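One structure is given below, encoded as structure tokens.
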Amino acid sequence: MTRTTRMLVIAGGGVAAVSTPVVWLLDGPGAGQLVGAAVQGAAGVAALVRGVLRRVPEPGPTDTAIGTGRAEASGGGRANTGVRRPGGAGGGSATARDTGDATATGPGSRANTGVDHSPDA
């Protein structure tokens with residue numbers, strides 16, 4: 001849920017939580033209506049506080065690698081059968097499922113069959 005949508009829902013909830021008790025109290029309330037108004041008002045305030053204080057997760061990549069193959073690297077090469085995303089950059093999700101084998105040979109080589117978030121991926 002976007003921040004704007006969240007704020008609109010909180011504002012709408014506040015109006016709804018306050019409107020019924022106000023109507024009850026303006027109409028010469030009986031004991032039951034006073035109790036009902038107090039309970040609904042308290043529940044509304046608690047819900048609004050929770051909504052305002054609730055932490056919204058930051059959008060970012062969601063990467064998954066499932067059933068990856070075998071990776072071998074040497075001789076400065078790179079082998080990858082999964083997902084490469086430099087430093088986790090970008091948005092959305094990335095999934096590597098049932099990937100094949102990756103092979104690279106020689107010193108300084110890299111091989112990956114899953115999700116690679118290294119800075120120089």
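For every residue, the table says whether it meets (1) of a type outside the set (Phe, Trp, Tyr); (2) part of a helix (DSSP H, G or I); (3) surrounded by 12 or more Cβ atoms within 10 Å (Cβ to Cβ).
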{"residue": "6", "(1), (2), (3)": "yes, yes, yes"}
{"residue": "25", "(1), (2), (3)": "yes, yes, yes"}
{"residue": "29", "(1), (2), (3)": "yes, no, yes"}
{"residue": "32", "(1), (2), (3)": "yes, yes, no"}
{"residue": "36", "(1), (2), (3)": "yes, yes, yes"}
{"residue": "41", "(1), (2), (3)": "yes, yes, yes"}
Note to self: Can you tell me which condition residue 17 does not meet? The list is (1) open to solvent by 50 Å² or more (accessible area, probe 1.4 Å); (2) in contact with a helix residue (DSSP H, G or I) (Cβ under 6 Å, 6 or more places away or on another chain), and all the others hold.
What the structure shows: (1)
Item checked: Any pair with Cβ under 7 angstrom, 6 or more apart, that starts in the stretch 67-96 at a residue that is under 21 Å from residue 107 (Cα atoms) and ends at one that is buried (at least 18 other Cβ atoms within 10 Å of the Cβ) and of a type in the set (Ser, Thr, Tyr) -> 70/113; 71/81; 71/113; 81/68; 81/99; 81/113
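When you go through 47, 16 one by one, which is the residue that is farther than 30 Å from residue 97 by Cβ, assigned to a helix (DSSP H, G or I) and more than 22 Å from the chain's Cα centre (by Cα)?
On the way: 47 fails: more than 22 Å from the chain's Cα centre (by Cα).
Criteria check complete, one pass: 16.
The values are calculated or read from the model by the stated rules, or taken from the named source; none is laboratory data. Since the structure is predicted, the reported quantities are computational estimates derived from the model, not experimental observations. When we count neighbours, we look across all protein chains shown, and the Cβ atoms used for this are built from the backbone with ideal geometry, even at glycine. Accessible surface areas use protein heavy atoms only, side chains included; no ligands, DNA or RNA. Shrake-Rupley method; radii C 1.70, N 1.55, O 1.52, S 1.80 Å.
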